[in-house]
Amino acid sequence: MLAMDRHLTVSGFDVHAGRVALHWHRKNRMWLPAGGHIEAGEDPVEATLREVEEEFALKAEVVPLAPRITYNGGPAQIEPPFTILNCPVEPGHVHVDFVYFCRVVSGYPGRSHDPENPIVWLDAATLESGAFDLNGESVPFPPDVRALGIEAIRRVDAGIGAAVR
C-alpha cells in the first residue's frame, strides 16, 4: 500500500457587491479562488487571509458561518471552514482544502501580481452559466468552484455571520 502525501491547504472565496473573485490559475488551467498551503505556525484563517492578500492584493475577513459554544477559560476557538475538500492533485498526492467565505474589507477590485493569472469578479448568473471566456475560449468552471462561488455570494450578500480577522 502506497503512503498518501497529504497537504493542508486553504481557499478563500472573496465576495464584494454580489460578485466573487476568481483568478486564472495558469499551472492548473482553471478558474480558482485565492488559496494555497498552510504555512508553519499559521492556523487556517490566518493562511486564508494571507493567501487572499498575496494573490489578490485584497484585505478580507472570514465570514463565520458555524454556531459557537461560549465558555469561560479553555482554548480559543478558530473559525471552522464552510467545508473541507479532499482534492486529488496527482496519484498519491492530495490537498485537504479548508474552504472559507470572505468579505472584502479593502483593495477592491484587487489586482493580480502575475498578468498571466488575471482576476475576474463574477456574479451568480455568470457562475451558473458554467463557463467564462479567457482570450476567446470559453473555459468551464470546476463544479466545486461554481457551486461554492454561488453559495459564497448568497451567504455574504445575506449578511450571515460577523467578521473574523
Restricting attention to segment 69-112, report how many residues are farther than 21 Å from Phe13 by Cβ and without any contact (Cβ under 8 Å) to a residue 24 or more places away in the chain.
11
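Condition first: open to solvent by 50 Å² or more (accessible area, probe 1.4 Å), assigned to a helix (DSSP H, G or I) and within 19 Å of Val156 (Cβ to Cβ). Can you find one or more residues in segment 86-108 that meet it?
Here is the first cut: in segment 86-108, the ones open to solvent by 50 Å² or more (accessible area, probe 1.4 Å) are 86, 88-91, 103, 105-106, 108.
Subsequent filtering for residues that are assigned to a helix (DSSP H, G or I) retains none.
The answer is no; no qualifying residue exists.
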Of all residues in segment 109-121, which are among the charged types (D, E, K, R) and within 24 Å of Arg154 (Cα to Cα)?
Arg111
Filter segment 116-141 down to the residues that are touching a residue at least 12 places away in the same chain (Cβ under 8 Å), surrounded by 14 or more Cβ atoms within 10 Å (Cβ to Cβ) and outside any strand (DSSP E or B) and list them by number.
Asn117, Pro118, Asp123, Ala124, Leu127, Phe141
Mind checking which residues of segment 80-129 are modelled with pLDDT of 95 or more, closer than 14 Å to Leu32 by Cβ and of a type in the set (D, E, K, R)?
Asp97
How do the pairs read when you match residues in segment 25-48 that are among the hydroxyl-bearing types (Ser, Thr, Tyr) with residues anywhere that are open to solvent by 60 Å² or more (accessible area, probe 1.4 Å) and in a loop (DSSP other than H, G, I, E, B), using Cβ under 7 Å and keeping only pairs 6 or more apart or on different chains?
none
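The values are calculated or read from the model by the stated rules, or taken from the named source; none is laboratory data. Note that the coordinates shown come from a computational prediction; the quantities given were computed from them, not determined experimentally. Virtual Cβ from ideal backbone geometry, glycine too; neighbours counted across all protein chains shown. Just the protein is used for accessible areas: all its heavy atoms, side chains included, with ligands, DNA and RNA removed. Shrake-Rupley method; radii C 1.70, N 1.55, O 1.52, S 1.80 Å.
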